[in-house]
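Heads up, the thing below is written out as structure tokens.
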Amino acid sequence: MDERLKSLIELAIQMEKDGIKFYEELSIKVPYEPAKKMVLSFADDERRHLRILNEIFSSITSIDIEKYLAENLPKEKVKTVFDEVQGSIDTATLQDELSSLKIAMDMEEKSYKLYDEAFSTEKDENLKKLWKRLADEERRHYDIFWNTYDFISNPEEWILREERGLLDGG
């Protein structure tokens, strides 16, 4: 496996692990049950992404990913977008749902960009499909967070925009 692909998969694996941790911690802070379920569903999606990446890494290298990462990561942990956020903002001190949603949108956007860039530079067709799928899922996460943010920050406009069919008679 070429070093670029190996590094990309290692980074993606670490991002997914950090995402799981972030969303699990965030779910504890979310006061509303539907929002809590939504955040936990993102943690589940990240777990699925992690499983897929682990399987691909293991099949390409024929080694156990957990053992490999434990033995081959530099002493400093791989830096991911989740580390950046957790280093600057403690989820325990988030003041409101909007702040949490902004952070989640930022992280999903960065994850999307990583996978989209991997897609655009990948030559292997099967890996291209994987990167595209992961990018699409991260974009979908972003869109859900944005829609939720939009609703919470301005419910009247959101309802008018989303329910326009009812107002138009259609």
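The values are calculated or read from the model by the stated rules, or taken from the named source; none is laboratory data. Remember, it's a predicted structure, so these values are computed and weren't measured experimentally. Note: ideal-geometry Cβ built from the backbone for every residue, glycine included; neighbour counts use all protein chains shown. Accessible surface is based on the protein model in full, side chains and every heavy atom, while ligands, DNA and RNA are left aside. Shrake-Rupley method; radii C 1.70, N 1.55, O 1.52, S 1.80 Å.
Summary table
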{"quantity": "Accessible surface, per residue, of the range 104-154 when the full set of protein chains is kept, probe 1.4 Å, Å²", "calculated": "54 Å²"}
{"quantity": "Restraint check, K6/K36; K21/K123; K37/K132; K6/K37; K36/K129, Cα-Cα greater than 28 Å", "calculated": "K6/K36; K21/K123; K6/K37; K36/K129"}
{"quantity": "Packing-based order for 13-26, 134-147, using average beta carbon neighbours within 10 Å, highest first", "calculated": "13-26, 134-147"}
{"quantity": "Where labels lie 7 Å past Cα in the beta-carbon direction, separation of R161 and K102 in nm", "calculated": "1.7 nm"}
{"quantity": "14 Å beta-carbon shell around W131, net charge (K/R +1, D/E -1)", "calculated": "-1"}
{"quantity": "Note, ³J(HN,Hα) from phi for the range 29-37, Karplus 6.51, -1.76, 1.60, rounded to Hz, x at Gly and Pro", "calculated": "8, 6, x, 9, 4, x, 5, 4, 5"}
{"quantity": "Contour minus Cα-Cα distance for D2 and T121 (0.36 nm per residue)", "calculated": "41.5 nm"}
